[in-house]
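What follows is one structure encoded as structure tokens, with my remarks underneath.
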Amino acid sequence: MQKTTNPFNPSATGASRDRVRIFDTTLRDGEQAPGFSMSRSQKKRIAQALAELGVDIIEAGFANASDDDFASVKAIADEIRGPTICALARCQNSDIESAGRALASAQRSRIHVFIATSDLHREHKLGMSKQQVIDAAIASVRRARDLCDEVEFSAEDAMRTDPDYLAEVMAAVIEAGATTFNVPDTVGYTTPAEMGAQITYLKQNVRDCDKAVISVHCHNDLGMAVANSLAAVAAGARQVECTLTGIGERAGNAALEEVVMALKTRSELYGVDTGIQTSRLYPTARLMSNLLGFTLARNKAVIGENAFAHEAGIHQHGMLKHRGTYEIMKPEDVGFAKSQLVLGKHSGRHALRERLSTLGHETSDTQLDEIFTRFKTLADKKREVFDNDLEALALGRDPEALGPWRIASLNCTSHLGGMSSASVKLEHDDGGSASEASIGDGPVHAVMHAIERATGCTLDISDFQVRSLGIGSDAQGLASLAVNHQGKEIRGNGVSTDIVEAAAQAALEVVNRIERMSPQTQEAPTKLQGAAR
Ligand code: KIV
Ligand code: ZN
């Protein structure tokens, strides 16, 4: 049979398949978006899950943004093994040195330096000439080389940069020692055809371009982040920067699960592999959405509840005859576990461990003991325990937000057509306690107000949501609360069959996070001032 050339990727028909590195920036670009701020323990938990998922590089944060960001990058570098751990830095010595210190204990480390190259950013934001930008880039790459194993350089706003100048920057940073050259579509402006042409142009016009891996970093402002990333791969990019579920600045970044499944499902077209364990995609995305208290859209590609649901009669008929009629990926390929009634109060430890494992939570004996105790308490309260309930049990509470305040007692009443009232007794780790009561416009309002009075902490609420974790009126409610505190967003979650208690737990998590913040952290400026992300 005659071999045909793949028009999208001529090398795809060849015998050797390239590896595309998956660079995950959930903890850096993703975390910076409103609604997705994470505590250090949440970041560590997600980093561990990303390592198990098989990402090649974890961008753990921007170490010089604050003491807290530094500590998070350092904790991930200290503890996570497998992927390269990366930290972001502007082309400034203080940023680069801070990144180097935070990464010192990583198994393999990367500093990611960036500076804007488009005329728009250079002239209006940086006030630097083309030569000044190149000089700063070269000096920064050289400095970073001394402090870590790998250096990535990003030309911020590359897709609105004159291609000749971009090629000049690329040649200069490769000569200075950059091992990866990243082409960001910082404002999500480009199209797949333009992206393909840009990568092809760089490959053809940059001397020694093979000495660095070409990377792409696409934002989703026009909904083309994944398509643009795939076009870059087809043209020869061998690293894709992306985030779990696509969280990120403004409309977000390219969604990791979509990029990976497109490369796998259309493998004959792209001719490349990734190191991702795709059966961990669904559990990892669920872990993140549960930890951060946000809901994944049902129709979300690859990981949404509806992604594998076939409702229309004609589709079901086709599926019964041959799954391939309407299914291009198998649910098990992405680890999709359909939500179902599973356990009740007579279920044992073995059944619990089995189901948790199906949901992507492997447990040690000690963890299982602890979860089992809470499972029994829950199963006594509600007859039917669903997958969502089990996931909430497996996540537990964030240890960073457990104290110093705890709820000792809570009472509330609501009156149709009248005010609600609530009283709380809170205990503090220093041995003290505080009791307060309040009326409010509804029980949640009353209890939040009582907590504010008892703790002396004002809650400037920017977002509050309660959603059911299961089916039926005895379902557990997950309350998610976001509060503005000194220019930062602080989040808290609570889970209970009593939604007022869940709201009170979420409020106390926020109060505890605020009380635990050092004065230094509280005064930290907003991250990455002056950089468009
Ligand atoms: O979007 C962007 O340009 C960035 C860079 C820092 C890579 O996030
Ligand atoms: Zn970005």
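Legend: distances between Cα atoms for LYS381/LYS425; LYS43/LYS488; LYS74/LYS300; pairs beyond 26 Å are LYS74/LYS300.
Put in order of Cβ neighbour count within 10 Å, fewest first, the listed residues ARG40, ARG453 become ARG453, ARG40.
A simple charge model with +1 on the Cβ of Lys and Arg, -1 on the Cβ of Asp and Glu and nothing else charged puts the dipole of the stretch 19-292 at about 580 debye relative to its Cα centre.
At q = 0.09, 0.10, 0.11, 0.13 Å⁻¹, what is the base-10 log of I(q)/I(0) for the chain according to the Debye formula with one equal point scatterer per Cα and no solvent? Please give it to two decimals. Taken in order of the listed q values, log10 I(q)/I(0) reads -0.72, -0.87, -1.02, -1.30. Please list, by residue number, everything in the stretch 194-233 whose backbone N is under 15 Å from a paramagnetic label point 7 Å out along Cα→Cβ of ASP273. Those under the cut-off are none; the list is empty.
Here the peptides 247-259, 373-385 are ranked by packing, the mean other Cβ count within 10 Å, and the order with the highest first is 247-259, 373-385. Evaluated over the Cα positions of the stretch 451-494, the convex hull gives a direction-averaged projected area, one quarter of its surface, of 3.7 nm². Take 201-214, 111-124, 469-482 and order them by the average number of nearby Cβ atoms within 10 Å per residue, most first; the result is 111-124, 469-482, 201-214. With an a/c value of 1.5 or above and a/b not larger than b/c for the gyration tensor axes a ≥ b ≥ c computed over the alpha-carbon atoms, the stretch 237-359 is described as oblate. At the listed q of 0.08, 0.10 Å⁻¹, the Debye profile of the stretch 19-292, built from one uniform point per Cα, gives log10 I(q)/I(0) equal to -0.28, -0.44. Per residue, the Cα convex hull of the stretch 24-141 amounts to 108 Å³.
Mind grabbing the base-10 log of I(q)/I(0) for the stretch 399-517 at q = 0.20 Å⁻¹? Debye formula, identical points on the C-alpha positions, no solvent, two decimal places. So the normalised log intensities are -1.10. Relative to the dominant Cα principal axis of the chain, helix 225-235 is inclined by about 30°. With a ≥ b ≥ c the root eigenvalues of the C-alpha gyration tensor of the stretch 147-295, is it rounded (a/c under 1.5), prolate (a/b larger than b/c) or oblate? The shape class here is prolate.
Before rounding to the nearest 500, sum -39500 (n - 2.57) across all DSSP H runs of length at least 4 in the chain and divide by the residue total; then give [θ] at 222 nm in deg cm²/dmol.
-11500 deg cm²/dmol
The lysines within cross-link reach of LYS203, meaning a Cα-to-Cα straight distance under 17 Å and a gap of 8 or more places when in the same chain, are LYS211. Toward the positive end of the charge dipole of the chain, with +1 on the Cβ of Lys and Arg and -1 on the Cβ of Asp and Glu, the farthest Cα among SER462, ILE76, GLN132 is that of ILE76. Computed from backbone phi, the HN-Hα couplings of the stretch 427-441 come to 10, 10, 4, 6, x, x, 8, 9, 10, 8, 10, 7, 9, x, 8 Hz, rounded to whole numbers (Karplus: 6.51 cos²θ - 1.76 cosθ + 1.60, θ = phi - 60°; Gly and Pro given as x). Put simply, the convex hull of the Cα atoms in the stretch 349-395 casts, on average, a shadow of 2.9 nm². Residue-wise HN-Hα couplings along the stretch 506-512, as the Karplus relation 6.51 cos²θ - 1.76 cosθ + 1.60 with θ = phi - 60° gives them from phi, are 5, 5, 5, 4, 5, 4, 5 Hz; Gly and Pro carry x.
Taking label points 7 Å from Cα along the Cα-to-Cβ direction, GLN204 and THR413 give a separation of 8.0 nm. In plain terms, the chain from ASP18 to GLU362 could stretch by 120.7 nm, reckoned as 0.36 nm per residue minus the Cα-Cα distance. Model label points for ASN93 and ALA309, set 7 angstrom from Cα along the Cα-to-Cβ axis, are 5.9 nm apart. Near the amide H of ALA155, within less than 5 Å, lie the amide hydrogens of ASN182, all on another chain or at least 5 residues away, with H placed in the peptide plane.
Since every read-out is calculated from the coordinates, none of them should be taken as a lab result. What you see is a predicted model, and the numbers here were worked out from it, not measured in a lab. Here the Cβ is made from the backbone with ideal geometry for all residues, glycine too, and neighbour counts use every protein chain on show.
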